[in-house]
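Quick notes on the structure that follows.
The values are calculated or read from the model by the stated rules, or taken from the named source; none is laboratory data. Just so you know, these numbers come straight off a predicted model, no measurement behind them. Cβ coordinates were reconstructed from backbone atoms using ideal geometry, including for glycine residues, and neighbour counts include every protein chain displayed.
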Amino acid sequence: MKIDVKAFAKLNISLDVVSRMADGYHEMLMVMQSVDLCDDVSVTVEAGDGIAVSTSLRYLPADMRNIAAKAAGAFLARAGIRGRHVSIAIKKRIPVCAGLGGGSADGAAVLRALNALLDTRLTVRELEEIGAEVGSDVPFCVRCGTALATGRGNVLEDLPPLPDCAFVIVKPQFAVSTPELFSRLDCAKIRNRPDTAGLVDALRAGNLAGIAHRMYNVFEDALPRGREEIDAIRGELLDNHALGAIMTGTGSAVFGLFDSYESAHGAWKTLSGRRECFAARAVGKYEV
């Protein structure tokens, strides 16, 4: 049995780090959005044992260090399924180490695929619970759509979909270490924070300009390197009619929000010659 599924990237429309929790994780406050920039994931289930992973990028792990493999193992354990061999093939399109949740998206896609292939009929909430065992962003990548994320990013509240809009995502040549960025962030000393409540109100009002005005990511102020390039990309996006532009996640990708796909495509044509660049649309909530 085989199924092909899409693994959708995520964007942080806003990102705040509230505090460091007793378990060592950070309390997050984020508005998250899934977009149609995606990896292609093929999952095959046969008689046997074990989990095998292959990817189109040779440097990515092809063993249980890969989030997709971890997700498959967690799913089989939760469902109590034995005597099945799972093969996972991933064609990567989402840039790696970019803050776009590519690995988490692959893990989430595997959970959705196995639920369909094995007819286990788990709910979206149950799939999210399994995903939380694998990674903080996996539950959102299972759910997709637009959501307010708290806790480690795994506590989700549905938000109204974004008004009609599009995105241009630009990946600089450098990557950012997520552990290093968290280590540089002192929650008590963060001076500028996103207006998350105002952003949620703007979403509920369908006010795209209000959403763009409130986009903010506190990690930009903690970057150890590359801030000039991040600022330069933001400037280019704004010069090409983006309503707002910020870094997503812990970076290094930057995205601009546009009021139409035509406007976004025009910016993509202008910016795509020098860096990895993608035009994307929002993706709605996943339903079983």
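Results, tabulated for the structure shown:
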| read-out | value |
| --- | --- |
| Criterion violated by Ala132 - all others in (1) at pLDDT 95 or above; (2) closer than 18 Å to Ser14 by Cβ satisfied | (2) |
| Single unsatisfied condition, Val45 versus (1) closer than 21 Å to Phe140 by Cα; (2) touching a strand residue (DSSP E or B) at 6+ places or on another chain (Cβ under 8 Å) | (1) |
| Tally of residues being part of a helix (DSSP H, G or I), in contact (Cβ under 8 Å) with a residue 24 or more places away in the chain and touching a strand residue (DSSP E or B) at 6+ places or on another chain (Cβ under 8 Å) across region 208-235 | 9 |
| Criterion violated by Asp201 - all others in (1) buried (at least 18 other Cβ atoms within 10 Å of the Cβ); (2) modelled with pLDDT of 95 or more satisfied | (1) |
| So Ile233, is it over 23 Å from Glu157 (Cα atoms), under 21 Å from the mean Cα position of the chain (by Cα), of a type in the set (Val, Ile, Thr) and crowded, with 20+ Cβ neighbours inside 10 Å | yes |
| Verdict on Met21 being among the aliphatic types (A, V, I, L, M) and over 19 Å from the mean Cα position of the chain (by Cα) | yes |
| Looking only at region 110-150, and only at residues there that are over 19 Å from Val43 (Cβ atoms) and more than 16 Å from the chain's Cα centre (by Cα), the one that is surrounded by the fewest Cβ atoms within 10 Å (Cβ to Cβ) | Thr123 |
| Selection within region 158-180 - aliphatic (A, V, I, L, M), outside any strand (DSSP E or B) and either touching a Lys or Arg at 6+ places or on another chain (Cβ under 8 Å) or surrounded by 19 or more Cβ atoms within 10 Å (Cβ to Cβ) (or both) | Leu159, Leu162, Val176 |
| Residue in region 244-253 that is in contact (Cβ under 8 Å) with a residue 12 or more places away in the chain, surrounded by fewer than 20 Cβ atoms within 10 Å (Cβ to Cβ) and either of a type in the set (Ser, Thr, Tyr) or assigned by TED's automatic domain parsing to the domain that holds Ala7 (or both) present | no |
| Answer from Ala105, Ala98, Ala89, Ala74 - the residue that is touching a residue at least 40 places away in the same chain (Cβ under 8 Å) and assigned to a loop (DSSP other than H, G, I, E, B) | Ala98 |
| Residue check, Ala202 touching a residue at least 12 places away in the same chain (Cβ under 8 Å), within 23 Å of Ile94 (Cβ to Cβ) and not polar (S, T, N, Q) | no |
| Check on Ile88, surrounded by 14 or more Cβ atoms within 10 Å (Cβ to Cβ), among the β-branched types (Val, Ile, Thr) and touching a Ser or Thr at 6+ places or on another chain (Cβ under 8 Å) | yes |
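Residue-wise test of (1) at pLDDT below 95; (2) of a type in the set (D, E, K, R).
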{"residue": "Glu180", "(1), (2)": "yes, yes"}
{"residue": "Asp186", "(1), (2)": "yes, yes"}
{"residue": "Lys189", "(1), (2)": "yes, yes"}
{"residue": "Asp195", "(1), (2)": "no, yes"}
{"residue": "Ala205", "(1), (2)": "no, no"}
{"residue": "Arg214", "(1), (2)": "no, yes"}
{"residue": "Leu223", "(1), (2)": "yes, no"}
